[in-house]
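Below is one structure, written out as structure tokens, with a few remarks after it.
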Amino acid sequence: MKRMHVHVSVKDIGNAVGFYSALFATKPSVVKDDYAKWMLDDPRMNFAISTRGREPGLDHLDIQVESQTELHEVYARLKSAGGTVIEQGATACCYAKSEKSWIDDPAGISWETFHTTGENISYGDGSGENEARVAHTKACCVPSAAKPAVETAPSCSTACATA
Amino acid sequence: MKRLHLHVSVSDLAKAVGFYSGLFNSRPCCAGNNFANWRVNEPAINFGASTGHGPRGAMHFGLEVDTTEELQKIDRVLQGPLRSSPALPWEVSVKKPAIRKEFAS
């Protein structure tokens with residue numbers, strides 16, 4: 001099952017843990033000095049915060065997958081969405097070892113898709129990627145080879161069938 | 001089941017509809033001249049994009065709940081020092097009827 005992942009940059013881990021623990025009615029599953037994570041089933045979401053960003057705000061969004069099969073399916077979605085897909089490959093970030101790719105959306109937000117294969121003892125350096133592609137420079141994880149998104153050819157012009 | 005909600009501001013709605021339809025492998029459930037909305041089950045998200053709301057980027061996050069009681073319970077918990085959300089504005093809304101409570105950053 002795919003799961004939404006949201007990573008938010010905050011100034012104060014303790015304050016943010018208090019707020020989000022109340023909002024989600026759940027304690028975080030991982031708490032570090034610079035990072036915390038909630039793996040939730042209702043809503044189904046991996047929600048993370050860290051002090052690694054330059055300023056508070058949304059750091060990135062993500063579709064997290066549970067298998068290589070799902071990973072390649074979402075890779076195909078990224079290509080279908082249009083734009084420059086950056087295949088980061090194996091990396092260590094956010095106390096986890098993962099394989100991931102990145103794309104920018106039309107709102108300027110970085111989306112990643114990743115498959116986590118294990119824990120990492122340190123926060124990780126994102127395998128050398130540092131450059132921001134969204135509202136602010138991140139301290140970790142985002143590939144630097146960013147280029148403007150390529151124009152897509154949207155065809156959905158009116159209200160579509162209900163989901 | 002609760003669902004994550006995210007609303008983003010974009011400059012070109014048609015381009016955004018093309019992108020997010022590909023990303024979610026799903027067409028919008030509703031759309032107008034200046035907005036489009038996706039309700040996706042996997043990953044579970046209520047995602048909205050609209051134009052005319054200033055600079056592009058994330059506008060707010062939300063937690064969509066099923067009942068008014070759930071909303072009121074969250075509202076009771078998020079009082080005092082927790083009143084303001086860190087870093088991002090959040091809202092909690094009920095699917096039906098449309099009631100929402102905002103927790104500004």
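Quick check on segment A:41-57: of everything there that is open to solvent by 20 Å² or more (accessible area, probe 1.4 Å) and at the interface with chain B (Cβ under 7 Å from one of its Cβ atoms), which residue is modelled with the lowest pLDDT?
A:56
Please count how many residues of segment B:27-37 are facing chain A (nearest Cβ under 7 Å) and buried (at least 18 other Cβ atoms within 10 Å of the Cβ).
Result for segment B:27-37: 3.
Residue A:19 is checked against (1) buried (at least 21 other Cβ atoms within 10 Å of the Cβ); (2) closer than 25 Å to residue B:20 by Cα; (3) within 11 Å of chain B (Cβ to nearest Cβ) and fails just one. What number does that condition carry?
(2)
Would you confirm whether any residue within segment B:10-24 is more than 7 Å from chain A (Cβ to nearest Cβ) and out of contact with any strand residue (DSSP E or B) (no Cβ under 7 Å at 6 or more places or on another chain)?
Yes, that holds for at least one residue.
Return the residues of segment A:65-95 that are aliphatic (A, V, I, L, M), open to solvent by 20 Å² or more (accessible area, probe 1.4 Å) and within 13 Å of another protein chain (Cβ to nearest Cβ); say none if nothing qualifies.
A:76, A:85
Of the residues that make up segment B:46-68, is at least one outside any strand (DSSP E or B), buried (at least 16 other Cβ atoms within 10 Å of the Cβ), acidic (Asp, Glu) and modelled with pLDDT of 85 or more?
Checked against the condition, which is being outside any strand (DSSP E or B), buried (at least 16 other Cβ atoms within 10 Å of the Cβ), acidic (Asp, Glu) and modelled with pLDDT of 85 or more, segment B:46-68 yields no hits at all.
When you go through (1) open to solvent by 10 Å² or more (accessible area, probe 1.4 Å); (2) acidic (Asp, Glu); (3) within 14 Å of residue B:4 (Cβ to Cβ) one by one for residue A:62, which number turns out not to apply?
(1)
Of all residues in segment B:78-92, count the ones that are at the interface with chain A (Cβ under 7 Å from one of its Cβ atoms), open to solvent by 10 Å² or more (accessible area, probe 1.4 Å) and part of a loop (DSSP other than H, G, I, E, B).
Of the residues in segment B:78-92, 3 are at the interface with chain A (Cβ under 7 Å from one of its Cβ atoms), open to solvent by 10 Å² or more (accessible area, probe 1.4 Å) and part of a loop (DSSP other than H, G, I, E, B).
Just one of (1) open to solvent by less than 30 Å² (accessible area, probe 1.4 Å); (2) under 18 Å from residue A:6 (Cβ atoms); (3) not in a strand (DSSP E or B) trips up residue B:17, so point out which.
The single condition residue B:17 does not satisfy is (2).
Filter segment B:20-42 for residues that are under 19 Å from residue B:93 (Cα atoms) and assigned to a loop (DSSP other than H, G, I, E, B) and give the result.
The answer is B:29, and nothing else.
If you scan segment A:40-93, which residues turn out to be touching a residue at least 60 places away in the same chain (Cβ under 8 Å), under 19 Å from residue A:2 (Cβ atoms) and out of contact with any helix residue (DSSP H, G or I) (no Cβ under 8 Å at 6 or more places or on another chain)?
Once the filter is applied, which keeps residues that are touching a residue at least 60 places away in the same chain (Cβ under 8 Å), under 19 Å from residue A:2 (Cβ atoms) and out of contact with any helix residue (DSSP H, G or I) (no Cβ under 8 Å at 6 or more places or on another chain), segment A:40-93 yields A:60, A:64, A:66, A:70, A:74.
Name the residue, out of A:98, A:29, that is over 17 Å from residue B:61 (Cβ atoms), away from chain B (no Cβ under 13 Å) and buried (at least 22 other Cβ atoms within 10 Å of the Cβ).
A:98
What is the residue count in segment A:1-43 for residues that are part of a strand (DSSP E or B) and under 22 Å from residue A:112 (Cβ atoms)?
So the count comes out to 15.
The values are calculated or read from the model by the stated rules, or taken from the named source; none is laboratory data. Model, not experiment: these values are computed from the prediction. Here the Cβ is made from the backbone with ideal geometry for all residues, glycine too, and neighbour counts use every protein chain on show. The protein model used for the area step is the full one, side chains on, heavy atoms only, and it has no ligands, DNA or RNA in it. Shrake-Rupley method; radii C 1.70, N 1.55, O 1.52, S 1.80 Å.
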